[in-house]
Structure formats: C-alpha cells, structure tokens
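Here's the structure we're looking at; comments come further down.
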Amino acid sequence: MFEFVRILQLHCDSIEYTPTKKEIKSAEDITPETKKLDEVVVAFIAMEQGDDSETAKKAIGEIKTSMEKVGCKKLLLYPYAHLSSNLASPSLAFSLLKEMESLAGDCEVSRAPFGWTKSYNVKVKGHPLAESSKTIINESAGETHEGHPHEEGRTSEALKSESKIQSFWHIMTPDGEMHEVSKFNFAKHEKLEILSKYESAKKRVSDEPPPHVKLMKKMAIADYEPASDSGNMRFYPNGRLIKSLLERFVNDQVKEYGGLEVETPIMYDSHHPSMASYFNRFPARQYNINTEGKQLFLRFAACFGQFLMANDFQISYRNMPLKLYELTRYSFRREQSGELVGLRRLRAFTMPDCHAFCTDIPQAVEEMTKRFDLSQNVLKQVGINESDYEMAIRFTEEFYNENKSVIQNLVKKLGKPVLVEMWKERFFYFVLKWEFNYVDSLGKASALSTDQIDVENGMRYGIKYFDENNIPHHPIILHNSPSGAIERVIYVLLEKAALDQKEGRKASLPLWLAPIQVRIIPLKEEFLQHCETLADRITQKDIRVDIDDRNETISKRIRESETEWIQYSLVIGEKEVNQPNLSVRDRISGNVKEISFDDFVANIKEQTKEKPFTKLNLSRYVTKRPQIMV
RNA sequence: GCCAAUGUAGCUCAGCCUGGCAGAGCAUCUGAUUUGUAAUCAGAUGGUCGAGGGUUCAAAUCCCUUCAUUGGCUCCA
C-alpha cells in the first residue's frame, strides 16, 4: 500500500471548536477552551502509517500554494483522524503535525489540540476553490499526486477546481473564428448548445428513462445481469451478433488505416512502477483484485498493455508513426452507481483503442488528421452521421498558439461549430483532445470517437525510438478510439431508432446489423419444404434468413415480422411455389413487390456491401426458438 | 457516492392510500382452425408480491434495513 497525508481543506468565514474529552491516552495536555477564528483556511488532517517529514513538508507546501491562490493568510491545522482507516501512530502523527506547524512560515498558523474529541461549527465560503481534498503520497518518485485510485470516492477536488477555474470556453466556427459561448447564436445548433451548457445546465426535468433501455430488452439485444455488478451487461444472441459485427467492422477499418492488432492482459499489478505512476495521475475508480499477495486492477483502457509492449520494441524513426490497436473486451471503470444507465454508461465495456507513436508534434498532428477522418468514416458507416453528433475540442493555450491552423483545420473538416475548451496550463497528460458527442433526446451528452495528443506517457513508460543519429527519444502518443465504446454505439443506434418511432417513422437497424434480414412465412404447412429450400438458397448468399413456421395467421406473422424490425418478409403460398419470382414485403414502404430471386439478393447485397457478415445466430425455425423477450 | 421514485406471473401492468382468498392482457402449453401481407377462437399452466427483519389474530398492503432499476446532483483521464 501507499501512504498518505490526507487533507480536507476548507476556506472558511469562521470556525469555532471546543475540545470536549481526551480520545486517546497520549492526547495533548491542554486546558479545554472554545476557540473562534475568522477568515481562515482550515486543514483537517490525518497522518497515515509510513508518513514522514518528507510527506509533512510536501503537505504544508501544497496547503500554502492553495492559500496563496485564495488569498488567505490564516491557517488552522485540525487533526482529524476520520479521514483515514490506516492511521499513523499517535506519537508520529503528533510530531509530524507539529513539524507542519513550524514549516508554515509567514502565514498566521494555529493548531487544534491533538487526541481530543472536539465539537465544531464551521462556515465555509462558496467559491470554487473553497473546498478541496488533497492526498499527499509518500513514495520514491517524489512527486505530489492528487487523488488515489485505491481509495473509493476520494477524488481530488483541487485538481478539478483548478482545471475548471482556468479553462476558457468558446465556440469555434468552421471559418476558424472563436466566439464567446454566451454571445454565440445557437439558433441552428441546439444540440451544441446543450453540450456547451451541459455543466451549468439547469435541472432537466425528465422522469423518463432513456428510450433505448426498453428497446435493448424488447429487441432481445442486451439486459442487466443481476448476478454481476451493476453496469456489467448480458448480451443475448441478437446483441452478441450486432456487437460482433460492429467489432469486426471497427477492427477492419483500423487495420486498413494501418493499426497492428494486438491483445494484452485485462489485469495489471498496481505495484508495477509504470502502473502506479500512471494511474495515480488520475482519480480513477477501478476494480481491484487481490490474489496470492498481489494487488491487481482491471484495466480501464488498453493503454497499459500497449505501452508496456511498445516499451519492449526496438523502434526506429523509420517505423514511425507506429500504430498499435486493441479492441478491449473489456475495459472496466467502476463508475458511480448513480451514473449507470442502460448501454450509455457501463462499468464493463468494449472499446477500440488505437495508439500511434509519433516522433514529434508535427508528425502527431499529421497523423491525428488521418485518424479524424477514420473516426468520422467509421461512425458514418455504422449509421451515425455528422448531424448526429457535436464535436468538442480541448487544448492548452500554448498548443493553440503554436498550432492554431491545426485546430482550425479540424473544425473546418467537420463543417459546423465546435465547442472549445482552452486551458491556461496542462493538467492532464495530453495537450489536445477532441471528441464527438452524441446528445440524446433527454439532453445527455456521451462521447463517441476521441483522440488525444499525449506528451507524457512516452517518458513514463520508458518508450523510446531512435532518430537519424541513433539518439533515443520518447515518442508523442496519440490515443484514438475511432468509434468509442461499442455498447455506446448500440445505444446511439437504438436512441436514433426510438426517435424515429416517436416521430412516426419506422424504427430499424442498418440492414447489415439486423439479426434477421429476411423472414419467410409459409402460408400453409405444406409449403414448408419449399421455404426450407428457399432459405438454403438465401443463406448461401450470406444473408440471414429465418422461417416463421408457427401455426398463426398471416396477419399475425407479418405483424411480428414488423415489430421485430425485419426488413423483408416473404410469404410463400401456391403462387410462389409455382413461379420463380418472390413476393417481397418491404418494411420501409409496407408494399409487396414481385421480383426475381437474383434481383432480391442483389438489392440486399448492395445495401450491405463492404460490411462484415456473420451467420444467423438463432434457430432457423421460429418454433424452435426460446422466447427471450416479448 | 448523495437525494427521490419505482420493484407484484416470462413481459406490460392493476391491487397498496383504508391490512382480510394473488388479479388482467400478452407470452407459454393443449385443442380447434390451414390462413394471401400489422394481433383467429377456446381451455390450461404460471407468483417466496426484489431480499431480510419488525408490527399485527392476519402483511403485496404499515414500519425498518438492504439490493436493483430509473430520475436529479456529482462525476465522466
């Protein structure tokens, strides 16, 4: 385990406390009396096992830095054991506390008594930096980290507040101009407005669950698995088929782009040096597994495995940009339970993750443009168009000043206004990040494709390439997910379908993703053999076809073919048995047309060309099939 | 994670306020029907009322705890 000084820091109008009784034997010897302080920063502090002078020094340094930011000179150190379940011994904690007091330097410092139960009254100020928690890590790297992934719910307010207070929001139009968000005319860009105001948005009154939740069950795609953890879904045969096709499609596209597909472990040792350093950078929430004395965590992206792999490669500048790719099944993020909904936000999800190792920023920028096209194309091919998503782009001021045209070029490529976030300083490992967000009918924004320019992890993981003079350098790394999580793609497709339904159009999935593409309905039992032969012929053409052999009326079976979103229904009766042409009911028009077998097949092939195919993932006969959902 | 709502048959839901035999439609099964493009008819099966505890002669119903889902907040590397 790591050790920490834990600090909850509050900028207060006032605090009043009274020591009531000694909590431990070694409590400080004082006369209990009520103290009141005004205009003060209160630091509630807990020392953990393993803390030493070094961490105490870092802790007080952190506190002083933030005090300067809020412009407060008065500090109260308040021993507060409840911040930790891994406390240092009282004697050590007390001496470290006194050390912090002595190191406070020029500010007016006081300290609440140690080892006493105290009652207190506190009035905290309302500004963004008034409340923050800090976790000072004691480890050899000698860096100060904010937040720690081993601990649940302990996120770094300091980091967040800083990034918030120093980021500037704009809208960039395709002509490259920046506009104030407040002055921009969103008349033709309602979804972008929702995205822009997402953080400050007023309460959205919506007591409805997102429509895709019903559809994912009704269409027997996916469902919750009560025996697992929340956010870990089960996928029924239909869902597995859809997901599998999407996965294959994205894989193919990334390979065409030049990505080398690899496979890496889903769990890693928390104590591996690169690991500890990387994920301590973020207030992550991940699943932990303790086994045989090892502390493992489940990956939340494919970065780890690919970086460790690249670390072992001998890379020349001639090999650059080097693209490694993996589709994770799964990535795990232990999101807050209140955040999980249907297929929109999961704790276990499948995500394409393609890293490009580049020599320098110019190469990275050039490569990023290619990946931008890749991402747009992937989404378009699966049925998500530009009009369906809004782009956000975030970068440091420095990057903007040096690469203005790069950013303008991306916005121009998209051809519509984009939300811009600019940071004064770099807080994350990347200098630029863009993403496409789907804004659903309830006003929720979810990121799909994304790419980042990472300037930190090349060094962190010790990844090196050799230049023309055989001098080693750390690469710039791009992190691209061309489609975003596959489950989220299904969520978008279902939300779009639900919207179609709501607005009176027929809901459907793209034909290449439809679990059943053609349904054959025999008019009578005696035509079943003919149907079987026909189904064989259609199957041979790589088209998913089934036969509704139930003893039900034609009307009923047509109706169900419709409600199952099956695009083509073929009724087989006397007429069809005695002539070569097919009577095809097209769900889109609702009309029945008589066409030849070859034309029918050619039509379907045209609609599904250049898309992966997989065989029917259900019994061919409806009567042989368990009913999964109504 | 916090606040709130919801949880009854495989599915959609009624019953709960005001405690007193566990309900409907669809699905499933059986039988009849052999159908020409969006729901054929009849009968039957089906429930530890999310789980655990409490109050009561008696709990789906009232109270407490807990789990899940959904909404809002927060979060979203």
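Taken together, the values in this text are just the output of simple stated rules run on the coordinates, not laboratory data. The structure displayed is predicted, hence computed values, not measured ones. We place every Cβ from the backbone using ideal geometry, glycine too, and count neighbours over all the protein chains shown.
Averaging the sequence gap over all C-alpha pairs within less than 8 Å and six or more residues apart, then dividing by the number of residues, gives chain A a relative contact order of 12 percent. On full extension, the segment bounded by A:Glu292 and A:Asn578 gains 95.9 nm, given 0.36 nm per residue less the C-alpha separation. For region A:511-624, the share of DSSP beta bridges that are antiparallel, to the nearest 5, is 45%. Rounded to the nearest 10 degrees, what's the angle between the helix A:554-563 long axis and the longest principal axis of chain A, both from Cα atoms, 0 to 90? Orientation of helix A:554-563: about 30 degrees from the principal axis. Cβ-to-Cβ counts within 10 Å put A:Cys72, A:Cys358 in ascending order as A:Cys72, A:Cys358, the fewest first. Seen against the Cα atoms of chain A and their longest principal axis, helix A:361-382 is set at about 40 degrees.
The length gained by stretching the chain between A:Glu594 and A:Ser337 to full extension, at 0.36 nm per residue less their Cα-Cα distance, is 87.2 nm. Protection proxy ranking for A:477-485, A:459-467, using the average of other Cβ atoms within 10 Å per residue and placing the highest first: A:477-485, A:459-467. Taking the Kirkwood radius as Rh and the Cα radius of gyration as Rg, region A:511-624 has a ratio of Rg/Rh equal to 0.92. Considering only beta bridges that DSSP places wholly inside chain A, some 80 percent are antiparallel.
Ordering of A:613-621, A:305-313 by packing is A:305-313, A:613-621, highest average first (other Cβ atoms within 10 Å, averaged per residue). Exposure proxy for A:Leu192, A:Leu92: other Cβ atoms within 10 Å of each Cβ, ordered fewest to most, give A:Leu92, A:Leu192.
The spacing between region A:367-382 and region A:225-267, judged by their C-alpha centroids, is 19 Å.
Counting every pair of alpha carbons in chain A, the share spaced more than 41 Å apart comes to 41 percent. Counting only alpha carbon atoms, the long axis of helix A:53-70 and the longest principal axis of chain A meet at about 80°. Judged by the gyration tensor of its Cα atoms, with axes a ≥ b ≥ c, region A:269-357 is oblate; a/c meets the 1.5 cut and b/c is at least as large as a/b.
When each of the peptides A:318-326, A:15-23 is scored by how many other beta carbons lie within 10 Å of its residues on average, the order from highest to lowest is A:318-326, A:15-23.
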